[in-house]
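Throughout, read-outs are computed from the coordinates displayed, never taken from laboratory work. All figures in this text were calculated on a predicted structure; none of them were measured in a lab. Cβ placement follows ideal geometry from the backbone for every residue including glycine, while neighbour counts extend to all protein chains displayed.
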Amino acid sequence: MQLLVPKTTITRWLSYYSAKGEPTSRNKYRSNSDFDITAHFGSEWRGLVNYYAMAMNVAILSEVYWMMSRSYQKTLASKHKCATRHIRRKYQTRENGVRCWIVRVEKRNKPGEYLTAKFGGIPLRVQKHGNGNDRVYVPYLANTELVQRLQADKCELCGATGAMEVHHVHALKDVKARKNGNCV
């Protein structure tokens, strides 16, 4: 018996980033920052690779990666009204011998420190004990500017600053609904 990546999964993911077999721009993300777009594509890619990390044919995901990376480049090129080669020159690098895109934004309150969003850079090799890349998590929030939220250094639930605890809420509307400002 072997654990394999199903062909239907590959087909579904390819269709999500393409039209008529060609990579397409994800226009709904054009109004977001480069950091947000990179974080979104990166979280989708990490989730897919980590889910199938122990599959014997995990390397077949390279097809999906190619389509995602072209879609990513076209999305940013469409946003900036430039060619995809300009996007490659600006953000493309190599990590672990694999091509990836990294966007860094300097923190407002802490010069010299950066927030980093990454898409790619995960080698497609069989992981017998899982993939160690699942420690990085950048949430994607469609209607808010992720960089602004991260740089605020302020709890959205209780208003605390500095070192703070993490609060788990089901939805952001629950944060706004709290009037008393006390943490649970």
Across the range 19-52, the tally of residues that are of a type outside the set (Val, Ile, Thr) and outside any helix (DSSP H, G or I) stands at 12
The condition of being aliphatic (A, V, I, L, M), more than 16 Å from the chain's Cα centre (by Cα) and more than 23 Å from ILE10 (Cα to Cα) holds, among ALA53, ALA83, only for ALA83
Given the structure, is LYS118 loosely packed, with under 15 Cβ neighbours inside 10 Å and more than 16 Å from PRO23 (Cβ to Cβ)?
no
TYR91 passes all but one of the listed conditions (1) over 22 Å from LYS118 (Cβ atoms); (2) surrounded by 13 or more Cβ atoms within 10 Å (Cβ to Cβ); (3) hydroxyl-bearing (Ser, Thr, Tyr); the exception is number (1)
Note: among ALA55, ALA77, just one is outside any loop (DSSP other than H, G, I, E, B) and aliphatic (A, V, I, L, M), namely ALA77
